[in-house]
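Below: one structure, written as structure tokens.
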Amino acid sequence: MKHLLKMNDLTREELYHILDVADELKAAQKASGTPHLLEGKSVALMFSKTSTRTRTSFEVGVYQLGGLGSYMNAATELQAARGEPLRDTARVLGRYYDCIVWRTYRQRDLEELAEYAGVPVINGLTDYAHPCQVLADLMTIRERRGDLAGQKLCFVGDGNNMANSLIVGGLLAGMQVTCVCPPAYRPAADVLMFAHKYGSAFTLLHDPREGVRDADVVVTAVWNNTVGEEETERRMRDFQGYQLTNQLLQGAKPDAMVLHCLPAHRGEEISNAVFEDHADEIFTEAENRLHVQKAVLSILLAGK
Ligand code: CP
């Protein structure tokens with residue numbers, strides 16, 4: 001593994017290796033502390049968008065690994081915000097830092113950064129993919145269920161970065177994956193082509209009741225993070241019936257897990273009751289961002 005730009009870059013073996021290292025580092029942190037695998041290494045934490053979990057979990061994770069993490073607001077503080085070409089920013093940061101984490105909009109910008117930086121690049125979220133989040137989701141499911149293979153995973157919501165990454169990650173891990181989204185909010189075409197190769201292990205549906213039937217794990221994410229009243233009203237209409245409620249979840253397995261990458265909009269994609277009933281799973285999922293990202297950093301920078 002050279003970079004972590006999207007889930008499709010990983011083999012099944014690489015995916016499971018990340019999860020194994022994450023479990024090991026989580027246990028070490030809770031027992032006696034994390035080994036300083038990044039001693040003398042520095043990681044650029046570039047954010048072109050707001051973040052709570054991704055920013056802080058990377059900052060704390062690099063610190064626990066004994067390295068230096070430098071947060072930079074790429075939208076306002078770097079010269080890139082005033083027009084410095086991305087490939088120049090990449091070549092400069094690549095000479096100071098051992099790794100770059102970037103949260104941005106376009107996947108192709110992230111790919112360009114990786115092409116020019118000369119050091120490993122990690123996707124901190126783009127419009128297309130959120131691999132760090134999905135690795136934490138898989139870690140959380142395996143931690144609670146003991147295994148991923150054969151588990152029925154259902155994503156309900158917008159076919160965006162979370163759906164794209166969860167479909168690929170779940171299928172790579174050997175899960176049965178269903179994605180339920182309104183017809184106008186389908187996952188990316190290349191992700192659907194990837195999923196097609198897995199035959200009956202993948203299903204794309206538009207009826208949430210059908211999708212959650214017998215699910216072991218139900219995942220959702222915000223579908224209304226738009227600005228503007230008109231777009232909000234449109235999404236409220238388009239996603240009617242897509243809220244995770246106790247009534248909808250009656251169709252899932254009685255002990256089904258519910259995950260949410262956060263931040264959550266209670267009353268939109270998830271009811272307050274479902275969120276609070278599954279809060280322990282959801283906040284463990286958030287915690288596992290820390291452990292899984294430490295694993296990715298350790299593999300990329302310390303040959304773990
Ligand atoms: N889930 C997630 O990526 O959270 P942040 O947007 O707070 O980083």
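The values are calculated or read from the model by the stated rules, or taken from the named source; none is laboratory data. This structure is a prediction, so every number in the text was calculated from the model and none was measured. Quick reminder, even Gly has a Cβ in these numbers, built from the backbone with ideal geometry, and neighbours come from all protein chains shown. Just the protein is used for accessible areas: all its heavy atoms, side chains included, with ligands, DNA and RNA removed. Shrake-Rupley method; radii C 1.70, N 1.55, O 1.52, S 1.80 Å.
Please give every one of the lysines within straight-line cross-link reach of Lys49, meaning a C-alpha to C-alpha distance under 22 Å, and leave out same-chain neighbours fewer than 8 residues apart.
Within reach: Lys6, Lys294.
Considering only protein heavy atoms and a 1.4 Å probe, what is the carbon-and-sulfur percentage of the accessible area of the chain?
Its accessible area is 48 percent carbon and sulfur atoms.
Using Cα springs under 10 Å in a Gaussian network model of the chain, which residue among Arg266, Arg234, Arg209 shows the largest mean-square fluctuation?
Among Arg266, Arg234, Arg209, the largest GNM mean-square fluctuation belongs to Arg234.
May I ask you to list the lysines whose Cα is less than 19 Å away from that of Lys253, ignoring any residue fewer than eight positions away on the same chain?
List returned: Lys152.
With springs only between Cα atoms under 10 Å apart, run a GNM on the chain and tell me which of Gly170, Gly211, Gly118 wobbles the most.
Gly118
Quick check: pseudo-label points 7 Å beyond the Cα along Cα→Cβ at Arg237 and Ser32, how many nm apart are they?
Simple spin-label model gives 6.3 nm for this pair.
At Ala201 and Thr56, where each label point lies 7 Å from the Cα along Cα→Cβ, what is the point-to-point distance in nanometres?
For the pair Ala201/Thr56, the computed spacing is 3.6 nm.
Rounded to the nearest whole Å³, what is the per residue volume of the convex hull around the Cα atoms of segment 112-237?
Given the Cα convex hull of segment 112-237, per-residue volume reads 130 Å³.
Before rounding to the nearest 500, sum -39500 (n - 2.57) across all DSSP H runs of length at least 4 in the chain and divide by the residue total; then give [θ] at 222 nm in deg cm²/dmol.
Working: 12 runs with 138 residues, N = 304.
The per-residue figure over the chain is -14000 deg cm²/dmol.
Would you look at the GNM of the chain, springs on alpha carbons closer than 10 Å, and say which of Leu65, Leu259, Leu78 moves the most?
Leu78
Fully extended, how many nm does the chain gain between Glu210 and Glu13 (0.36 nm per residue separation, minus their Cα-Cα distance)?
Extra length available between Glu210 and Glu13 comes to 67.7 nm.
Taking amide H positions as placed 1.01 Å from N in the peptide plane, with prolines and chain starts having none, which residues 5 or more places from Leu68, or on another chain, fall under 5 Å of its amide H?
Under 5 Å from the amide H of Leu68: Lys41, Ser42, Val43.
From the phi angles alone, apply the Karplus equation (6.51, -1.76, 1.60; θ = phi - 60°) to segment 3-16 and give each ³J(HN,Hα) in whole Hz, x where the residue is Gly or Pro.
Along segment 3-16, the couplings run 9, 10, 9, 7, 4, 4, 6, 8, 8, 4, 5, 5, 4, 5 Hz.
Per residue, how many Å² of accessible area does the chain show with a 1.4 Å probe? Mind dumping the intermediate values first?
Details: 13030 Å² over 304 residues.
Here the residues of the chain average 43 Å² of exposed surface.
What FRET efficiency do you get for Ala81 and Thr226 if R0 is 25 Å and r is their Cβ-Cβ distance, rounded to the nearest 0.05?
0.65
Using Cα-Cα distances under 8 Å and only pairs 6 or more residues apart, what relative contact order does segment 80-158 have, in percent?
That works out to 23 percent.
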